[in-house]
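Taken together, the values in this text are just the output of simple stated rules run on the coordinates, not laboratory data. Nothing here was measured: the structure is a model prediction, and the numbers come from that model. All Cβ positions, even for glycine, are placed from backbone atoms using ideal geometry, and neighbour counts span all protein chains on display.
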Amino acid sequence: MALTLYYFPASFFSQRAFLALEEKGVPYQRQIISIHSGESIEPWYMRIQPNGTVPTLKHGKIIKTDSKFIIKYLDEITPDAPKLCPDPSTPGGDRVVYLSELMQKIVIEQITYGSACHRHHTHDCKMPKMMNLKESTSMWDRIDNDIRTLAAKYPDLREHYMAKLKTHKDRELTSEQGLIDSLKACDPIMGEIEKELEQKWNGKLDNFTDSDPWLCCNHFTIADIYLATLLHRLYFAGQVKRFWGDGKRPYLAAYYARVQQRKSFQTACAKATTLRNALLPRYVHQMRRAFPRLLGYSVVAVAIGFAVYVQYSGFPSWWPNKN
Ligand SMILES: N[C@@H](CCC(=O)N[C@@H](CS)C(=O)NCC(=O)O)C(=O)O
């Protein structure tokens with residue numbers, strides 16, 4: 001049975017699921033859902049993911065939403081592969097649970113949008129310039145208006161649309177204070193991870209081989225998926241200097257350099273976060289959405305052009321019935 005991942009390449013939580021699929025090496029398909037132009041709130045998508053968020057994994061009739069449950073599900077369907085979520089009673093298994101829950105506490109959406117909108121809190125921010133405060137605010141306002149329209153049009157989905165509006169309102173992703181608070185709360189978590197790596201790697205900061213451990217275990221686990229995607233996002237948000245730049249946390253710096261060599265990371269994170277991947281899906285979706293209207297305009301324009309032509313020059317010779 002085919003696996004399909006609905007995702008957005010630049011989305012943090014999508015990258016977790018994408019990386020897990022690449023780690024597992026199972027065959028699967030991907031379908032981009034543009035979260036910035038309202039594709040994730042289209043009724044067909046809300047019917048499979050009522051939160052209207054990415055990622056979602058479809059496996060035949062089974063639908064898994066939320067990156068954490070997708071990762072757990074991949075363990076279930078690949079019983080012979082190393083576990084991304086090892087049993088907490090196995091060596092390192094308890095640390096996997098503890099550290100992945102710790103990283104879940106970071107409000108990454110606030111750091112992402114906040115950094116893009118308030119660049120004076122960043123250093124060398126890689127987020128597209130058009131994700132500035134004005135553009136981001138008007139983008140979220142536009143999406144919220146679309147949600148209201150869709151809630152009125154699709155009564156069976158109204159409850160989900162209203163819940164979605166509320167989450168958008170509660171988060172206020174573009175708030176500067178929200179960014180400051182989230183960065184502050186992230187710092188001790190990065191400190192704990194640095195300590196964990198120091199104990200695990202014991203002075204080793206380069207020339208890693210396959211036999212060297214990862215964050216908690218000898219193999220790559222969900223804790224590594226969370227850390228790899230987190231460091232990559234902080235790099236994009238221009239937060240390297242704050243958290244591990246200038247020799248501040250050498251193990252985190254070594255970890256990020258090491259994970260960039262990993263093939264799964266290159267596919268799911270590095271190649272996925274190009275400017276093209278961040279912006280193109282939005283335009284493709286907008287064009288697709290506008291297509292019926294553009295087609296309508298074109299038909300009307302051709303009809304008017306033809307009528308004007310007939311008025312001045314008569315029917316063309318190929319016209320079947322000239323009477
Ligand atoms: N807890 C969910 C979070 C999913 C989520 O918030 N995804 C973001 C993209 S990173 C999204 O779809 N945002 C669009 C929106 O909230 O409208 C998970 O782990 O998958």
(request) Report the one residue of Gln199, Thr137, Ser100 whose Cα lies farthest in the direction of the positive end of the charge dipole of region 87-222 (charges on C-beta: Lys and Arg +1, Asp and Glu -1; origin at the Cα centre). (result) Thr137
(request) Report the dimensions of region 173-227 along its three principal axes from the alpha-carbon atoms, largest first, rounded to Å. (result) 44, 21, 17
(request) Give the cross-link partners of Lys164 among the lysines, using a straight C-alpha distance below 18 Å as the criterion and excluding same-chain residues fewer than 8 apart. (result) Lys153
(message) Given Cβ point charges of +1 (Lys, Arg) and -1 (Asp, Glu) and nothing else, what value in debye, to the nearest 20, does the dipole of region 218-323 about its Cα centre take?
(response) 300
(request) Could you tell me which trypsin sites (Lys or Arg not before Pro) in region 52-158 are loop residues by DSSP with no more than 16 other beta carbons within 10 angstrom of their beta carbon? (result) Lys61, Lys105, Lys126, Lys129
(message) Placing +1 on the Cβ of each Lys and Arg and -1 on the Cβ of each Asp and Glu in region 1-145, which of His123, Pro50, Ile70 has its Cα farthest towards the positive end of the resulting dipole?
(response) His123
(message) Taking the Cα centre as origin and putting +1 on Lys and Arg beta-carbons and -1 on Asp and Glu beta-carbons, what dipole magnitude results for region 1-143, to the nearest 20 debye?
(response) 260
(request) Give the residue from Cys186, Tyr251, Tyr28 lying farthest towards the positive end of the charge dipole for the chain; charges sit on Cβ (+1 for Lys and Arg, -1 for Asp and Glu) and the dipole is referred to the Cα centre. (result) Tyr28
(message) What is the angle, in °, between the Cα long axis of helix 250-259 and the longest principal axis of the Cα atoms in the chain? Nearest 10 is fine, range 0 to 90.
(response) 50
(request) Go from 0 up to the bin containing the longest alpha carbon distance in region 1-141, width 10 Å each, and give me the % of pairs per bin. (result) 10, 34, 32, 19, 4
(request) Step through the table entries Lys129/Lys271; Lys105/Lys200; Lys184/Lys241; Lys68/Lys105; Lys126/Lys200, compare each Cα-Cα distance with 21 Å, and write down the pairs that go over it. (result) Lys105/Lys200; Lys126/Lys200
(request) Determine the calculated [θ] at 222 nm for the chain from helices alone, applying -39500 (n - 2.57) to every DSSP H run no shorter than 4 residues and normalising by the residue count; nearest 500 deg cm²/dmol. (result) -18500 deg cm²/dmol
(request) Take every Cα pair under 8 Å in the chain that's 6+ residues apart, average their separations, divide by the length, and report that relative contact order as a whole percent. (result) 23
(message) If I fit a long axis through the Cα atoms of helix 108-117 and take the longest principal axis of the Cα atoms of the chain, what angle between them do I get, 0 to 90°, rounded to 10?
(response) 60
(request) With a/c under 1.5 counting as rounded, go ahead and sort the chain into rounded, prolate or oblate using the C-alpha gyration tensor (a ≥ b ≥ c being the square roots of the eigenvalues; past the cut-off, prolate if a/b is larger than b/c, else oblate). (result) prolate
(request) Provide the convex hull volume over Cα atoms per residue for region 160-305, in Å³. (result) 194
(request) Any chance you could check the Cα centroid distance between region 112-161 and region 212-256 for me, in angstrom? (result) 27
(request) Treating the angle as unsigned and between 0 and 90°, give the value, to the nearest 10°, between the Cα long axis of helix 133-153 and the longest Cα principal axis of the chain. (result) 60
(message) Give me the dipole magnitude in Debye, nearest 20, for the chain about the Cα centre, with unit charges on the beta carbon: positive for Lys and Arg, negative for Asp and Glu.
(response) 1100
(message) Taking 25 Å as R0, compute the FRET efficiency from the Cβ-Cβ separation of Asn202 and Thr90 and round it to 0.05.
(response) 0.75
(request) Counting other Cβ atoms within 10 Å, keep those with at most 15, restrict to DSSP loop, and tell me which GluC sites (Glu not before Pro) in region 173-233 are left. (result) none
